[in-house]
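The values are calculated or read from the model by the stated rules, or taken from the named source; none is laboratory data. From a predicted model like this one, the values you see are computed outputs, not experimental measurements. Glycine gets a Cβ as well: all are built from the backbone with ideal geometry, and neighbour counts include every protein chain shown.
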Amino acid sequence: MAAVLRPYLYTGGVHKHGLLIELLEDLGGYIIQKVVTGTEVNLIMLIPEKDVPVVKKQSDELLGMMVEAPLTGVEIAVISPTLASHHLPHSACDVAEYLRHPGANTNMIGLARGMGRRVSLSTDYERKLINEHDIAVFTFGSFSDCIVNKKPKLFEGIEIPIVVTGGPDLKTEDVPGADLYVGDIGRTSHRLRKIEEVSALDKLNEEVGKIADNIRKQQAKDPLAVLPARAMKEIENQVPEIQTVLSPAPLTLQLNGLRVKLPYDEFHERLEKLEFDEGVTLSELANILKSKMKNYILIKIKSKSEVGFAI
Amino acid sequence: MMNPLEIFAVESAIASEQEFYRKIIEDNLASLKLAPAIGRIKVMLRPEDSLFQMAILLRDVGTRVTTADIADVEAKPVAGEIIISIKKEQYIPELLGKLWERYGKANISQPDRWTVAISTDKAEEEAAFLKDMMVADPRHRLHENLVDFAIRVTPEGFRVRYHLYKGNRFIFVASEEVFKREWVEEAEAMLEELMKGGRT
C-alpha cells in the first residue's frame, strides 16, 4: 500500500530549488504545482509522511519556508449568483483567492440567472459543472431572509459538499442544505482586509479544510484504485503535449480524480491507454469523461472495491 | 445650503444588515466621487418584500461651464486664428470635443498643454461665440453618476426600477416583483421628510 502523503507548500528562492524537486522524486513524493514568479518559487507538493523531516531539512538549508497546505489537491468551485459588479470582484474573488493560500485550485462560476429572490435559478448545465468539483462555495449577500428562505433553491441537484458565505451571523443549521455557513463575508464594494473580514476568511479556510479532511477519511475506508497524484505524474511523462498547455494548472488534482486541460476528442484515447508500471491501463482504473468545462477531460478514479485491486 | 451628507440614513428591520448596506453605499459614493454632491440621503431596505427605496436631496453642484470660465480666448484676425489659453484643465476633453465638431480636427492644433489654436477666417466673430459656448454641464454628468450609483447599490435581482430626477431631488425604487404604486409614494414621503428635516 502506498505511503501516506502529506500536502505542503514551499516558498523560497529559485536558486537551487531543483535540489528539493530531486529529493522529492527520490522519496516518492509528488510536485503538484510549480509557480515561478521572478526570483521566487512556490512548490505545492505531496511528501510521504515519514520523510517530512528530511524535506524540511533541505528546505531549511535553502532558506525557504515550508507550511502545511491542507487544501492541496482539492478543486473548489466558487459560485457567485451572477458575474455582475454587485458580487465581483469583491467579495467572491477575495474568497476564491484566499482559498488558494492553503493549496486549493479554485474556479469561479457565475450563474446566468442566480440573482434575486423569487427569480433566481440554475440550469442543468451549471449544476453538472459544479458537481465536477470537490466542494462548492456559494457567495451570497447580506440579507438573512434571502440566505435562509430564498437562495437554498440554488443547492438543488448539487451533490458535493456545499459551503455558504454571507453577511449575517447565522448558524449552519439555519441554512437548509448547506454543510457549512461562514458569516461576515457578505456583499461588499471594497477589498476584504479589515480584521473581522480576514478572520472570517481564515475561518472559511479552516472549516473547508475540515470538510476536505472528512472526504479523505471517508475515502480511506475504500481507497481509490490509484492516487490522483500518481495518475498526474504518468500523464506528465506519457503525454508530453500537456507541457504546451497555457492554462493555469494544466493538470488539476481533485480528491477523487483530476482535470486534464487538453481537448477531449483529440486526447481521450491516449489517456485511456495510459499504462502504469504494473501493466494496467488508466481506463481500467478510472472513468474518462468529457468535462463540462470547455472541451477538457475529466478523470474520475474508481474505488478499490469497484476495480478489485489498487496500485 | 446643505452640508455634504448631513443626513445619511439607512433603515431596515435588522440592524446588522443596515450596517452592511451603509458600508456598500459609502463605498460606492466614494468610488463614483458622489459624496460632495449629496446633501441628504435615506435608504429603506425591505428584503422580505423584495423592495429597495432610496431618496436623495442633492446639493447645488454648480452651474454650466462656458469657455470663458475655463480659458482666455484671444482672436488674431491678421494671422487668421484664435488662441485659447486654458486655465482649468479638467474640462479640456469636453472643450476639444466641441471644437472638433465645429471646426474639424484639421483646423485645431495644440502647441502645448495649455494652448489650443484654431485657424479660421472669421476670428473675431468666432472668438465672441466661443467665449459664451457651453463646455460642460456638471448636472448631466451627475445624473449619469446617480443612476449608476443607484444600480450599483441596489440588490442585483431587483430589476424592476423606477427613478425620478427633478431639480435637486432624486428618487429610486427597485424590486423584483410587480410594482405597487404605494412604493413610489412611500419613497416620495421619504423625500418630503428629508426636505423638512435639516440640521437642528
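Structure notes:
- Within region B:141-174, being more than 20 Å from A:CYS146 (Cβ to Cβ) and not hydrophobic (A, V, I, L, M, F, W, C) holds for B:ARG141, B:HIS143, B:GLU144, B:ASN145, B:ASP148, B:TYR162, B:HIS163, B:TYR165, B:LYS166, B:GLY167, B:ASN168, B:ARG169.
- Residue under evaluation A:PRO152, criteria (1) closer than 23 Å to B:SER175 by Cβ; (2) away from chain B (no Cβ under 12 Å); (3) not in a helix (DSSP H, G or I), criterion not met: (3)
- Candidates A:ILE185, A:ILE158, A:ILE147 - the one that is within 23 Å of B:THR154 (Cβ to Cβ) and part of a loop (DSSP other than H, G, I, E, B): A:ILE185
- Test: residue in region A:291-307 that is over 30 Å from A:VAL36 (Cα atoms) and of a type in the set (Ser, Thr, Tyr): yes
- Failed item, numbered, when A:GLU234 is tested on (1) surrounded by 15 or more Cβ atoms within 10 Å (Cβ to Cβ); (2) part of a loop (DSSP other than H, G, I, E, B); (3) of a type in the set (Asp, Glu): (2)
- Exclusive hit being within 14 Å of another protein chain (Cβ to nearest Cβ), surrounded by fewer than 19 Cβ atoms within 10 Å (Cβ to Cβ) and farther than 18 Å from B:VAL61 by Cβ, set B:ARG181, B:ARG161: B:ARG161
- Any pair with Cβ under 8 angstrom, 6 or more apart, that starts in region B:44-68 at a residue that is farther than 28 Å from B:GLU176 by Cβ and ends at one that is small (Gly, Ala, Ser): B:ARG59/B:ALA37; B:ARG59/B:GLY39; B:VAL61/B:ALA37; B:ARG64/B:ALA136; B:VAL65/B:ALA136
- Residues of region B:72-106 satisfying the condition of being part of a strand (DSSP E or B) and more than 15 Å from B:VAL135 (Cα to Cα): B:GLU74, B:ALA75, B:LYS76, B:GLU81, B:ILE82, B:ILE83
- Scanning region A:78-89 for residues that are over 9 Å from A:THR139 (Cβ atoms) and within 9 Å of chain B (Cβ to nearest Cβ) yields A:THR82, A:ALA84, A:SER85, A:HIS86.
- Checked against (1) over 29 Å from B:ASP148 (Cα atoms); (2) at pLDDT 95 or above, A:MET65 passes all but a single condition, namely (2).
- As a summary of the residue check, B:THR66 satisfies the conditions (1) on the phi < 0 side of the Ramachandran plot; (2) in contact with a Pro (Cβ under 8 Å, 6 or more places away or on another chain) except for the one numbered (2).
For (1) touching a helix residue (DSSP H, G or I) at 6+ places or on another chain (Cβ under 8 Å); (2) on the phi < 0 side of the Ramachandran plot; (3) within 11 Å of another protein chain (Cβ to nearest Cβ), each residue gets a yes or a no:
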position: A:ALA178; (1), (2), (3): yes, yes, no
position: A:ASP184; (1), (2), (3): yes, no, yes
position: A:ARG187; (1), (2), (3): yes, yes, yes
position: A:ARG191; (1), (2), (3): yes, yes, yes
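- Set side by side, the residues B:ALA150, B:ALA187, B:ALA136 differ, and just one is within 14 Å of chain A (Cβ to nearest Cβ) and either surrounded by 14 or more Cβ atoms within 10 Å (Cβ to Cβ) or in contact with a Cys (Cβ under 6 Å, 6 or more places away or on another chain) (or both), which is B:ALA150.
- First in region A:103-128 and not assigned by TED's automatic domain parsing to the domain that holds A:LEU253, second anywhere and among the aromatic types (Phe, Trp, Tyr), Cβ under 8 Å, 6 or more apart: A:GLY116/B:PHE158
- Members of region B:39-64 found to be away from every other protein chain (no Cβ under 14 Å) and closer than 24 Å to B:VAL178 by Cα, listed by number: B:LYS42, B:GLN53, B:MET54, B:ALA55, B:ILE56
- Residue that is farthest from B:ASP27 (Cα to Cα), among those in region B:128-138 that are part of a helix (DSSP H, G or I) and touching a strand residue (DSSP E or B) at 6+ places or on another chain (Cβ under 9 Å): B:ALA128
- Subset tally (residues that are crowded, with 18+ Cβ neighbours inside 10 Å and not in a helix (DSSP H, G or I)) for region A:257-274: 7
- Boolean, B:PRO36 is more than 10 Å from chain A (Cβ to nearest Cβ), more than 30 Å from A:VAL148 (Cβ to Cβ) and part of a helix (DSSP H, G or I): yes
- The lone criterion from (1) surrounded by 13 or more Cβ atoms within 10 Å (Cβ to Cβ); (2) touching a residue at least 24 places away in the same chain (Cβ under 8 Å); (3) not in a loop (DSSP other than H, G, I, E, B) left unmet by A:ILE242 is number (2).
- Remark: pairs (first residue in region B:105-122, under 13 Å from B:VAL73 (Cβ atoms); second residue surrounded by fewer than 10 Cβ atoms within 10 Å (Cβ to Cβ) and of a type outside the set (A, V, I, L, M); Cβ separation under 6 Å; 6+ apart in sequence or on different chains) are absent.
Let's see how each residue does on (1) away from chain B (no Cβ under 14 Å); (2) in contact with a strand residue (DSSP E or B) (Cβ under 8 Å, 6 or more places away or on another chain):
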residue: A:SER142; (1), (2): no, no
residue: A:GLU156; (1), (2): yes, no
residue: A:VAL164; (1), (2): yes, yes
residue: A:ILE195; (1), (2): yes, no
residue: A:VAL198; (1), (2): yes, no
residue: A:ASP202; (1), (2): yes, no
residue: A:LEU227; (1), (2): yes, yes
residue: A:LYS233; (1), (2): yes, yes
residue: A:GLN243; (1), (2): yes, no
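- For region B:107-127, the set of residues classified as assigned to a helix (DSSP H, G or I) and either at positive phi or charged (D, E, K, R) (or both) consists of B:GLU124, B:GLU125, B:GLU126, listed by residue number.
- Residue list for region B:3-33, filter: closer than 18 Å to B:ALA189 by Cβ, within 11 Å of chain A (Cβ to nearest Cβ) and not small (Gly, Ala, Ser): none
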